[in-house]
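The values are calculated or read from the model by the stated rules, or taken from the named source; none is laboratory data. All figures in this text were calculated on a predicted structure; none of them were measured in a lab. Here Cβ is always computed from backbone atoms with ideal geometry, including for glycine, and neighbour counts include all displayed protein chains. In case anyone asks, the SASA skips ligands and DNA or RNA and just uses the protein heavy atoms, side chains included. Shrake-Rupley method; radii C 1.70, N 1.55, O 1.52, S 1.80 Å.
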Amino acid sequence: MNSTFLCGRFELGFERPLIMGIVNITPDSFSDGSHHFSTNAAIDHALGLVEQGADILDIGGESTRPGSDPVSIQEELDRVIPVIKGLRDCGVPLSIDTFKPEVMRAALQSGVDLINDIYALRQPGALEVVSEFPNCGICIMHMHGEPKTMQVNPPDYDNNITREVFAFLQDRMKIMLQSGIDPRRIMIDPGFGFGKTAQQNFQLLREMAALNELKAPVLMGVSRKTMIGAVTHKPVNDRVAGSIGAALAGVARGAVVVRVHDVAQTRDALAVWNAVEFGVNE
């Protein structure tokens, strides 16, 4: 893996795992979207996450939970652009969680540093947009199908989910590199919960160290997801402890960014993990 990750106005190092705080500006996100639906509420929430220790903010204006309905380009822009502008000087990199090229371009023009794309730049025009902005970071994710139907009947992946995810991400990285994208701009996400059963998700997490062979930073997002509920039998908002357990398992297997709702609690858990691994900075 490269020693630094190019992320718009920032260059990130991974001497410790970084925390990406989730900022949902949607009425229908599975966990907290409706709580921060207005521009001011979303900005206040995001600034609170920075105070709690978020290293990156991930801003999303369209829910990608299983069964979610798409929103129009204009509606997504109306939700995210004012928030991006309001957070531009908050001191940490801003990420936009979108797969629409038009939203990517507007977000980058408004000050976003990282494109977080669940479709891995497969939408027509997406690759061209990120090529126009040579400094932005790009996170590509594995997903089967599309959000509305991805969990209806997930495939069996020939009983080897990790091999499938590895091959997909490898292929997408190859296409990006052939397009002239600097490898230092590329981050990968195995896509927990996106077209995968709970058993497949935990197998993928168990075997996630295999993705380190791709030589790209690994982002993982498991916060409060159904896979956590499948083993804790807790409702969405009672899955903090389970989410932290999964995040630590991922970090132990090479994840360098964890995308979470609960920043303060995750920060404390990672601080202890870092102290075990590298000693205490007093």
Candidates per trypsin sites (Lys or Arg not before Pro) in the range 34-123, loop by DSSP, up to 15 other Cβ within 10 Å:
Arg88, Arg122
Can you give me the long-range amide H partners of Thr98? Hydrogens built in the peptide plane at 1.01 Å from N, cutoff under 5 Å, separation of 5 or more residues or another chain.
Asn116, Ile118
Carbon/sulfur fraction of accessible area - the range 197-256, other protein chains in place, 1.4 Å, %:
55
At 1.4 Å probe size, with no ligands or nucleic acids counted, give the accessible surface of Thr266 in Å², nearest ten.
10
Rg and Dmax of the range 149-282 over Cα atoms: what are they, in angstrom?
15.8, 51
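Distances over 15 Å make up what percent of all Cα-Cα pairs in the range 134-223?
58
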Student exercise, the range 1-104 dipole from Lys, Arg, Asp, Glu Cβ charges, in Debye to nearest 20:
180
If you rank Glu213, Glu51, Glu207 by how much accessible surface each has, with a 1.4 Å probe, what is the order from largest down?
Glu51, Glu213, Glu207
Expected unfolding gain across Arg163-Ala264 under the 0.36 nm per residue rule, minus the alpha-carbon gap, is 33.0 nm
Rg (one decimal) and Dmax (whole number) from the Cα set of the range 210-252, in Å, equal 12.0, 36
Intensity falloff of the range 154-194 expressed as log10 I(q)/I(0), Debye formula with alpha-carbon point scatterers, at q = 0.16 Å⁻¹:
-0.48
Averaged per residue, what accessible surface does the chain expose to a 1.4 Å probe, in Å²?
42
Using unit Cβ charges (K, R positive; D, E negative) and no other charged atoms, how large, in debye to the nearest 20, is the dipole of the chain about its Cα centre?
400
Dipole of the chain, positive direction: furthest Cα of Gln265, Ile73, Pro93, with charges on the beta-carbon
Gln265
Considering only C-alpha atoms, what is the centroid distance from the range 49-81 to the range 208-282, in Å?
21
How do His144, His261 rank by accessible surface area computed with a 1.4 Å probe, from largest to smallest?
His144, His261
Hey, what do the phi angles of the range 260-276 turn into as Karplus ³J(HN,Hα) couplings, whole Hz, using 6.51/-1.76/1.60 and θ = phi - 60°, x for Gly and Pro?
9, 7, 9, 5, 4, 5, 5, 4, 5, 4, 5, 4, 5, 4, 4, 5, 5
At a Cα cut-off below 25 Å, give the lysines reachable from Lys174, other chains included and same-chain residues fewer than 8 away excluded.
Lys100, Lys196, Lys215
Going by accessible area, probe 1.4 Å, with all protein chains left in place, what is the ranking of Asp117, Asp158, largest first?
Asp158, Asp117
Given 4 °C, 1.567 mPa s and a Kirkwood radius over Cα pairs, the Stokes-Einstein diffusion coefficient of the range 1-106 in µm²/s is 90
Rounded to the nearest 20 debye, what is the charge dipole size of the range 193-258 about its Cα centre when +1 sits on each Lys and Arg Cβ and -1 on each Asp and Glu Cβ?
100
Of the options Ala106, Pro155, Pro124, report the single residue whose Cα projects farthest towards the positive end of the charge dipole of the range 94-155 (beta-carbon charges: Lys, Arg +1; Asp, Glu -1).
Pro155
Modelled FRET efficiency - R0 25 Å, Asn212 with Asn281, Cβ distances, 0.05 increments
0.45
Karplus-derived 3J(HN,Hα) from phi for the range 128-143 (6.51 cos²θ - 1.76 cosθ + 1.60, θ = phi - 60°), whole Hz, x at Gly and Pro, runs 5, 4, 5, 6, 6, 10, x, 9, 6, x, 9, 10, 10, 10, 7, 8
